[in-house]
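Engineer: Dumping the structure here so I can ask a few things about it.
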Amino acid sequence: MRRRGLYIALFVICLIGLAVVQYQYLKVGLSLAKVQFDRKIGVASESIIQDLSNHNKLTFLMGSALLEDNSFFKTSVDSIQDASNHFLKDFVKARLVGNGIDTDFSYSLHTRDSTYFLNPSGRLEKDRDMVIYPIELSGYLPELLDKRLVLDLKFNNLNTYFLSKLNGLTLPSLIFIAGIIIATIWAIKAYHWQRSLLSTTNKFIDNLTHELKTPVFSLGLATKILEENSVEGQRPIVNIMKQQIKRLSGHIDKVMELSSLEANKRVFKMEQVDFQPYLKNLCEEFHCLISMEGVSFSYNLEPGEYKIKGEIFHLENAVNNLLDNAKKYSDNPEVVLEARKSGGELKISVCDNGEGISKKDQTRIFTKYYRITNGNLHDVKGYGLGLNYVKEVIEAHQGNVAIDSAKGKGTKITISIPISDVG
């Protein structure tokens, strides 16, 4: 629960950090957009000043409207001013659009002392975000009025305009952030669903294995009674029964231990031991067990002590699993176990003459419940737990598992465990 809280907190912090970074990029983008807008206004202003500095039809009409002189035009002063405003707005808009500015604007044309002025209809309402760019005219009109004449270009909501120009950056960013949030939430939900499923599965396995413990104990007790009352010719059979019951009990313990390992409930009780006699005894028991199955088994143990720090019960189970797998996958099994000390490690190799394992399957055989198939057939019965258990045990001993195999050439699995120098 605590780890889950940390992951959620980390996700929230990263999301907030991503949002802050995106906001800072957005501010930089807006600043750059404003700089570019100011530059475009500057270029458009120069064009407007130059075009309005000459005596032409537009400036003559504007001059008549400012002076309220209708002597040349046979119409009212108001009509002259409306026409002047209409043509001036179209002129300014054309110059702005020609320089890449296509947002709404308003304007006012006035002298510094406001003696003469033109204000078009449909002006933008002034608010605190309005930006005004004054353009002082030169040439014909100021000379006609004998006053300094200024054309104010007015823009509202420029930030909205800038954001619309940055949609190529802001919209994809928002979409990607939303995608990250959705994908992360989905992953968290899937993770919790899998954890819940795993927890339910482990509970089922725990209950099942505990139920199996009782009949196995009863069988062991019955075998012990048979051993006490058996005659000489029955004792080999009784010994095989004892070994098989012990083996079945070991499988049950293995399943229970795997469940505990996954739930992080099991802490290995490491002890300083000499594993050589245990390994030798294990090989002798395996040889006795398979003597009636037609399996060829040999072992070669390097002389000397195998000083390691480990837990004997699990190491024996791990080696037993490798031996058991080795004899399964061949019509005429030949199994060889070798143990040697090399490079500060105890290396135990189990070889067989089976059908081998493909490269694709080699990366997956240590996964829990995974079993190699032949088409839709499982030729050998099992649950896909053995090698996963081996991997868990050896990694808990700070070791590793290596596989050397090819289709049709058998398999060699080597476990390596650090040798301890502590006596």
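The values are calculated or read from the model by the stated rules, or taken from the named source; none is laboratory data. Because the structure is a prediction, the values reported are computed rather than measured. So basically every Cβ, Gly included, is an ideal-geometry build from the backbone, and we count neighbours across all protein chains shown. To get the accessible areas, we keep the full protein, side chains included, count just its heavy atoms, and leave off ligands, DNA and RNA. Shrake-Rupley method; radii C 1.70, N 1.55, O 1.52, S 1.80 Å.
Engineer: Using a 1.4 Å probe on the protein heavy atoms, what percent of the accessible area of segment 285-373 belongs to carbon and sulfur?
Structural biologist: Summing carbon and sulfur atoms, their accessible area is 47 percent of the total for segment 285-373.
Engineer: Tell me, what is the FRET efficiency for Tyr278 and Thr184 to the nearest 0.05, using R0 = 56 angstrom and their Cβ-Cβ distance as r?
Structural biologist: 0.70
Engineer: For the residue pair Lys34 and Leu6, what label-to-label distance in nm results when each label sits 7 Å from Cα along the Cα-to-beta-carbon direction?
Structural biologist: Computed distance between label sites Lys34 and Leu6 equals 4.4 nm.
Engineer: I would also like to ask the following. Exceeding 32 Å between C-alpha atoms, which entries from my cross-link table qualify? They are Lys246/Lys412; Lys224/Lys269; Lys269/Lys347.
Structural biologist: From Lys246/Lys412; Lys224/Lys269; Lys269/Lys347, over 32 Å: none.
Engineer: Grab the beta carbon distance between Ile175 and Lys328, set R0 = 60 Å, and tell me the FRET efficiency rounded to 0.05.
Structural biologist: E between Ile175 and Lys328, to the nearest 0.05, is 0.65.
Engineer: Between Ala94 and Arg364, what length in nm is gained on full extension when 0.36 nm per residue of separation is reduced by their alpha carbon distance?
Structural biologist: Stretched fully, the Ala94-Arg364 segment lengthens by 90.3 nm.
Engineer: Return one whole number: the accessible area per residue of segment 264-329 in Å², for a 1.4 Å probe.
Structural biologist: Each residue of segment 264-329 exposes 52 Å² on average to a 1.4 Å probe.
Engineer: For Ser79 and Lys269, compute 0.36 nm times the residue count separating them, minus their Cα-Cα distance, and round to one decimal in nm.
Structural biologist: Fully extending the segment from Ser79 to Lys269 adds 58.2 nm.
Engineer: For Glu338 and Gln244, what is the calculated FRET efficiency with R₀ set at 41 Å and r taken between the beta-carbons, to the nearest 0.05?
Structural biologist: Efficiency, from the Cβ-Cβ distance: 0.95.
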